[in-house]
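**Q** Structure incoming, see below.
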Amino acid sequence: MTEVVIIGGGLAGLAAAGLLARRGVPVTVLEAQADPRLLPQRPKGRSINLALSARGIRTLEVLDAIDLVRPLAVPMFGRQIHDWHGGEEFQPYDQVGNRAIHSVRRSTLIDALTAVAAGTPNLTLKFGHRCVSIDTDAKTIRVADELGRTMDMAFGALIGADGTHSLVRDAIAKQAHAPARVETLRHCYKELAIPADRAAGLAPNALHIWPRGDVMLIALPNREGSFTATLFFPRDGRLDERQSLDAQKALFDDLFPGVEGALLSDLDRQLAANPTGRIVTTSCESWTAAPGLLVLGDAAHAMAPFYGQGMNCALEDCLKLAAGVPAAEPGGWNWTECFKAFATARRGDVQAIMDLSLSNYSEMSHHVIQDGFRLRRQVEGELARAHPDRFTPLYEMVAFSDIPYAEALARARRQDLAISRWTANKSRREDVNLAAIVAELDTIGYPLA
C-alpha cells in the first residue's frame, strides 16, 4: 500500500507530493499524460501564461524549485493600458516600492516541479497512468497504464489534484450527497502568439491590456522577447468560432486598430488554427471525505483567471496542507482528521479569491480607463506611501504578501468605505480630503496588525 496517492501530476499534484514527501510521507503521483521530460513538443491545451506572485514563489522556495524557474520568468511591474486611440498608460502594481509579479509559462513550472519531484526521497512518479475508478470501501483505485493494462492500487489517503473534471471530487460528492458545481463562464479565450521581431514596441516588463468592454486582449512577456497574448470574448459574440473568419477578423480590427499590422502578421491563420478555450469554474460543498479523500487546486476550486491567483492559490493550498501534517506516529497518520482541518481552515480564503477573480474582469476590461478609477488609484497610492501602517491596497495584499485572502478582502472593504465616502462625485485629486480618509481609517480597525 502507498500511504498517499495523488491523482494528477500538474502543478498542484507535484507541489503537494514534494511537500508531503519532505515531511516523511511516502507518496505516489499518477499522471495520465506522458513524462514531459521525454516529449519533443508540448501538446496544445491549457497554455495561458501564468502570473507568479508571492504565494506561489513561497511554495517554490520551500520546494527548492525557484532557482529553476526564476531565470525563465519575466518580471512585470504593472499594467500597460492601450486605449482605443493608440494611447498608453502604465499602472504600477506596487504603488509604494518596485515589486513585480512574474510571467512564466506553465510548461516551465511543470518542468521545474517534475525535476524536483524526481529527486525527492519517498516520492514516486508514474506517468502514463490514469485513474479509472475509485473504491472507497476497499480503499483502492483502479489504474490503467499507457497500454490499457489495469491494476488495483491500495492507498492510505487519496488526494485529487486532477483538475476541473476530478474523479476524486466526484467520489467525495457522492458520499456527501452534494454534487459539485461546474460552471462554464460566458467568456472564452483564444491564445495568440506575438513573435519577438514584432514585439519591439511593447514594454518588456509589463502586462499589456487592450480593454474593450466585453472583449479584452492581454499580452504577457516571454524571456526570449516574444509575447503570449490571450483574447477574451463572449461565447455568443462575433468573435465566436461559429462566426466566419472574415467576421472575426473584421471585429478584431475594429476593436484593436493597428494591432494586427504591428504585432500579428498572421492573424487569419491564428484565429483559424488556435483552439478556443472555455473558462470553467468549480466549487464543491465538501473537499474531503472518509476514508482519507481530499481535493485541492482546480479539483476543489477552479477559478476565473482574471486576478492571476489560480496557480498561486493552488500552490499555497499545498503549503498549507503540508504544514498541518504531523510527524508520523506509531499508528500512522489520521488523514481524515488532517484533511478536515485543512479544508475547514482554507475554505473562506479560497472563496474570497474566487469572488475577486470573477469580479476583476470588469476592472481589467472596463474600469482601468475610467477617470474615477484613476483618481482612486492616485488616492490609494498617496495613502500607501504616506501611511503604510494604515493602508495597503488590495492588490498588494493579494500579490505581494501572505495575508490570508479573506482577511485581505475584509480589510479592503473597510478601506473602500472610507475612500468611497471622500472621493464620491470628485474628479480632481485636490478636491479629495486625504486627512479625512486617514482619520476614518483610524476608526475602522487600523493600524494594521
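**Q** Could you check the spin-label model distance between ARG235 and ALA200? Points 7 Å from the Cα along Cα→Cβ, value in nm.
**A** Label-label distance for ARG235 and ALA200, simple model: 4.3 nm.
**Q** Under 23 Å Cα-Cα from LYS174, which lysines qualify once same-chain neighbours fewer than 8 residues away are excluded?
**A** LYS139, LYS340
**Q** Starting from the exponent 0.38 and prefactor 2.2 Å, build the expected Rg for the chain from its residue count and divide its actual Cα Rg by it. It would help to have the intermediate numbers written out before the result.
**A** Details: Rg = 23.1 Å, N = 449, 2.2 N^0.38 = 22.4 Å.
Cα-based Rg divided by the globular estimate yields 1.03.
**Q** Still on this model: Kindly work out what percent of the DSSP beta bridges joining two residues of the chain are antiparallel, to the nearest 5. If you can, show how the numbers build up before the last one.
**A** Working: 49 of 69 bridges.
Restricted to the chain, the bridges split so that about 70 percent are antiparallel.
**Q** Another question, then. Separation of region 100-118 and region 240-258 by C-alpha centroid, Å?
**A** That distance is 34 Å.
**Q** Mind listing which GluC sites (Glu not before Pro) in region 54-135 are in a DSSP loop and have 11 or fewer other Cβ atoms within 10 Å? Please list the in-between numbers first.
**A** On the way: sites: GLU61, GLU88, GLU89; in loops: none.
Those that pass, being in a loop and sparsely packed, number zero.
**Q** Let me have the 222 nm mean residue ellipticity of the chain computed from DSSP H runs of 4+ only, each contributing -39500 (n - 2.57), with the sum over all residues rounded to the nearest 500.
**A** -11500 deg cm²/dmol
**Q** From Cα coordinates alone, what are the radius of gyration and Dmax values for region 273-332 in angstrom?
**A** Cα only, region 273-332: 15.6, 57 Å (Rg, Dmax).
**Q** Continuing with the same structure: Measure nothing fancy, just the Cα-based angle from helix 335-365's long axis to the longest principal axis of the chain, in degrees from 0 to 90, nearest 10.
**A** The angle comes out at about 30 degrees.
**Q** Ok, one more. Give me the one-decimal nm value for the distance between modelled label points at ASP152 and ALA439, 7 Å along each residue's Cα-to-Cβ direction.
**A** With each label point 7 Å from Cα toward Cβ, the separation is 7.4 nm.
**Q** What FRET efficiency comes out for ASP145 versus SER401 if R0 is 41 angstrom and r is the Cβ-Cβ distance? Round to the nearest 0.05. Before the final figure, lay out the partial values.
**A** Working: r = 44 Å, r/R0 = 1.06.
Approximately 0.40, to the nearest 0.05.
**Q** Charges only on Cβ, +1 for Lys and Arg, -1 for Asp and Glu: so what's the dipole of region 370-442 about the Cα centre, in debye to the nearest 20?
**A** Details: 12 positive and 12 negative charges, 50 e Å.
I would put it at about 240 debye.
**Q** Starting from the Cα of ASP416, step 7 Å toward the Cβ, then list every residue of region 283-323 with an amide N under 18 Å from that point.
**A** 304-309
**Q** Given q = 0.12 Å⁻¹, what are the Debye log10 I(q)/I(0) values for region 184-279, with equal point scatterers placed on the Cα positions and solvent ignored?
**A** For region 184-279, the Cα-only Debye profile gives -0.35.
**Q** Taking only Cα atoms, what is the 0 to 90° angle, nearest 10, from helix 167-176's long axis to the longest principal axis of the chain?
**A** Tilt of helix 167-176: around 80 degrees.
**Q** Let me ask something else about it. Rounded to whole Hz and in sequence order, give me ³J(HN,Hα) for region 294-305 from the Karplus expression 6.51 cos²θ - 1.76 cosθ + 1.60, θ = phi - 60°, writing x for Gly and Pro.
**A** 8, 10, 8, x, 4, 5, 9, 7, 4, 10, 4, x
**Q** Which far-off residues, 5 or more places away or on another chain, put their amide H under 5 Å from the one on GLY78, with H placed in the peptide plane?
**A** Placed amide hydrogens put TYR93, LEU207 under 5 Å from GLY78.
**Q** Could you state the number of Å between the C-alpha centres of region 154-191 and region 267-304?
**A** Answer, in whole Å: 8.
**Q** Follow-up question, since we're still on this one. Suppose each label sits 7 Å from its Cα in the direction of the beta carbon; what would the GLU430-THR124 distance come out to in nanometres?
**A** 7.4
**Q** Counting only the backbone N, which residues of region 95-129 are under 20 Å from the spot 7 Å out from the Cα of ARG223 toward its beta-carbon?
**A** Taking a point 7 Å out along Cα→Cβ of ARG223, the residues of region 95-129 whose backbone N falls under 20 Å are 100-119.
**Q** If you plug each phi of region 258-265 into the Karplus form 6.51 cos²θ - 1.76 cosθ + 1.60 with θ = phi - 60°, what whole-Hz ³J(HN,Hα) values come out, in order, with x for Gly and Pro?
**A** x, 5, 4, x, 7, 10, 10, 6
**Q** So, counting K/R as plus one and D/E as minus one, what does the shell of residues with Cβ under 12 Å around LYS126 add up to?
**A** Details: positive: ARG130; negative: GLU31, ASP35, ASP145, GLU146.
Local charge sum for LYS126: -3.
Laboratory data are not the source of any read-out in this text; all were calculated from the coordinates shown. In this text, all values refer to a predicted model and were calculated from it rather than measured experimentally. All Cβ positions, glycine included, derive from the backbone under ideal geometry; neighbour counts span all protein chains shown.
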